[in-house]
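Here's the structure, in C-alpha cells; my notes come after.
None of the figures in this text is laboratory data; all of them are computed from the coordinates on show. Quick caveat: nothing in here was measured; it's all calculated off a predicted structure. A quick note on method: Cβ atoms are made from the backbone with ideal geometry, for glycine too, and the neighbour counts reach across all protein chains shown.
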Amino acid sequence: MRIAIVTRNPRSYSVRRLREASRQRGHEARVLDTLKFSIMIEHQKPGLYYRHRRLPHIDAVIPRIGASVTFFGLALVQQFEQMGVYTINPALAIARSRDKLRAMQVLSKYDIGLPATAFVRDRDEILPAINRLGGPPVIIKVLEGTQGIGVILAETAQTAEAIIQTLQLARQNVLIQKFVKESGGRDLRAFVVGDKVVAAMRRMATPGEFRSNLHRGATSEAVQLDAVYETTAIRATQILGLRMAGVDMLESNDGPRVLEVNSSPGLEGIEKATQVDIAGAIIEDIQQQVLVPEVDLRQRLRLTGGFGIAEFAVHNMPQLMNKALRETDLTQRNIHVMSITRKSAVIPNPKGDEVVREGDVLLCYGELRELRGLMPPKEARPEEASGQAFSDVFDEDRDDVAGK
Ligand SMILES: Nc1ncnc2c1ncn2[C@@H]1O[C@H](COP(=O)(O)OP(=O)(O)OP(=O)(O)O)[C@@H](O)[C@H]1O
Ligand SMILES: [Mg+2]
C-alpha cells in the first residue's frame with residue numbers, strides 16, 4: 001500500500017513510529033505537510049495537489065490534524081474521502097470529537113458514562129446549574145483548553161460563579177462539570193484501534209494536583225482495563241465515527257466517566273508506558289480496512305429514494321412480540337433486521353429463528369412506507385400524562401423571559 005501520513009510535525013515520535021511500522025509491513029509511507037496541499041474542486045473530479053504537483057494514487061491516509069490547522073486539515077481529509085482514499089478517521093468524526101461539548105452531547109444519548117456537565121450563558125443560570133450538578137466543588141473547563149490549562153477546581157459556588165463570569169468576559173466558552181473527587185488525580189487513557197483497545201495506561205497526578213496531564217508532571221503506568229472500561233472506550237470511539245482514538249476516562253464510584261475522545265492521540269507516552277506496538281496495530285488495521293472499506297450508509301441511502309433505515313423499540317407491537325423473526329410481519333414487508341439491541345448486548349445480523357422480545361431495539365432496513373406501517377399510531381398526549389403542564393414552565397407574561 002501507499003500510505004500518506006498528513007501532519008505538521010514530521011519529526012514527532014508518533015509520525016516516526018507510524019512510518020517505521022508501515023515500512024516494516026512492506027508499505028510505502030510518505031510524510032506530507034498538511035499545509036502544502038491545494039484542494040481542487042471540479043465537476044466530478046475532486047483533486048489534490050501537493051507542492052504544485054497533482055497527487056498520485058494513495059491507498060490510505062493517516063491524518064494527524066492539530067488544533068491549529070483544524071479548518072484546513074478537515075477540508076483536506078474530506079477531499080481525500082471524496083477521492084475515495086481510505087482515511088482511518090473521517091473528517092466529520094474528527095470535527096465532532098474535536099468539539100468537546102458537541103462530542104459529549106452526542107455521547108450522552110448512549111450508555112456511556114460521562115461526568116454531569118452544564119453549559120450556560122446567562123449569569124442567572126450559573127448557580128442553578130451548579131446545584132443541579134450536586135453543588136460545589138465543581139470543575140470549570142475552558143472549552144478550547146488542552147494539557148490541563150483551563151481546568152479549574154472551584155471549591156464554592158461563589159468562586160465558581162466569579163471564575164465563570166471572568167472567563168466569559170474574556171470571550172471563553174466554559175463548561176461546568178461535576179467534580180469526580182474519588183478519581184483522586186488519576187485518569188485512564190485507552191487507545192482504541194478498530195474495535196479493540198490495543199493499549200491502556202493510568203496517569204497519576206503529582207501530589208496535591210487533581211489534573212493528571214503528563215504536561216503537568218503526572219506519571220503513567222500500563223493497565224489492563226476492566227471490561228466495562230474497555231467497552232465504554234470502544235463504544236465512545238464508534239459512536240463518534242472514529243476508528244482510532246485516545247479515550248480519556250475517570251474512574252468514578254459508578255464506573256467510567258468519559259472526559260474526552262481524541263482523534264489524533266499521541267503514541268509516545270502510551271507506547272513507552274505499555275511497550276505495545278500501537279503503530280503496528282494501526283497499520284494492520286488500515287490493511288484490513290482498505291480491503292473492505294466501510295461505507296457511509298446514510299449518504300448512500302439518500303440516493304435510493306423511498307428506502308431507509310429505522311430504529312425502534314419493540315413495545316405494544318403484538319405482530320412482533322415473542323415471534324421468531326421469520327414468522328413476523330417484517331418478512332412480509334420485506335424488511336431486513338440488521339441488528340437487535342437487547343439491554344446492552346447487540347445481536348448483529350440476527351438469524352430468522354431469533355425471537356423478538358419486549359424492549360428489544362430493532363435496526364431495520366426497508367421501504368420507508370413499510371417501516372412506517374409497522375409503527376403503532378402516535379397518540380396526542382394529554383397535558384397531565386407528561387407530568388408537568390406546558391404553562392407551568394413557560395409563562396409568557398414573566399418579564400424576565402422578554403428580550404433574551
Ligand atoms: N470532572 C472532573 N473530575 C475530576 N477530575 C477531573 C475532571 N475533569 C478533569 N479532571 C482532571 O483534569 C485533567 C485535565 O482535564 P481534561 O482532560 O478535561 O482537560 P485537558 O487535558 O486540558 O484537555 P485535553 O484532554 O483536551 O488536552 C484530567 O486528566 C483529570 O485528571
Ligand atoms: Mg486531558
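A few points about this structure:
- Here the simple spin-label model places points 7 Å from the Cα toward Cβ, and for residue 153 and residue 40 these points are separated by 5.6 nm.
- A Stokes-Einstein calculation at 4 °C with viscosity 1.567 mPa s, built on the Kirkwood radius of the chain over Cα pairs, returns a diffusion coefficient of 53 µm²/s.
- Helical content alone sets the calculated 222 nm signal of the chain at -8000 deg cm²/dmol, taking -39,500 (n - 2.57) per DSSP H segment of four or more residues and averaging over every residue.
- Part-to-part distance (alpha-carbon centres) for region 78-129 and region 324-371, which is given in Å: 30 Å
- Full-extension gain in nm, residue 324 to residue 25, via 0.36 nm per residue minus C-alpha separation: 103.0 nm
- Residue with peak Gaussian network fluctuation, the chain [Cα springs, cutoff 10 Å], from 35, 250, 18: 35
- Distant alpha-carbon pairs in region 1-148 (separation over 25 angstrom), percent: 45 percent
- Label-point separation in nm, residue 49 to residue 224, each point 7 Å along Cα→Cβ: 5.6 nm
- Reciprocal of mean inverse Cα separation for region 185-305 (Kirkwood radius, Å): 15.4 Å
- Where the alpha-carbon atoms of region 260-354 are placed on the principal axes, they occupy 56, 33, 26 Å, in descending order.
- Within the shell defined by Cβ-Cβ distances under 13 Å, the residues around residue 282 carry a net charge of +1, with Lys and Arg each +1 and Asp and Glu each -1.
- Within a Gaussian network of the chain (alpha carbon springs, distance under 10 Å), most fluctuating of 128, 136, 256: 128
- For region 226-276, alpha-carbon Rg over 2.2 N^0.38 Å: 1.17
- Note on region 299-374: Cα-Cα pairs beyond 19 Å make up 28% of the total pair count.
- Total formal charge among the other residues, if their Cβ is under 15 angstrom from that of residue 223, Lys/Arg +1 and Asp/Glu -1: -2
- Centroid-to-centroid, using Cα positions, region 182-200 and region 1-69 are 27 Å apart.
- Fully extended contour minus Cα-Cα distance, from residue 331 to residue 358, at 0.36 nm per residue: 7.9 nm
- Cα-Cα pairs of region 116-179 separated by more than 18 Å (percent): 22 percent
- A simple count of charges around residue 8, restricted to other residues whose Cβ falls under 13 Å of its Cβ and scoring Lys, Arg +1 and Asp, Glu -1, yields +2.
- Structure remark: mean-square fluctuation, Gaussian network model of the chain, C-alpha springs under 10 Å; the largest value among 293, 56, 137 belongs to 56.
- If both residues of a DSSP beta bridge must be in the chain, then about 85% of such bridges are antiparallel.
- A Förster distance of 30 Å, applied to the separation of the beta-carbon atoms of residue 394 and residue 105, puts the FRET efficiency at 0.85.
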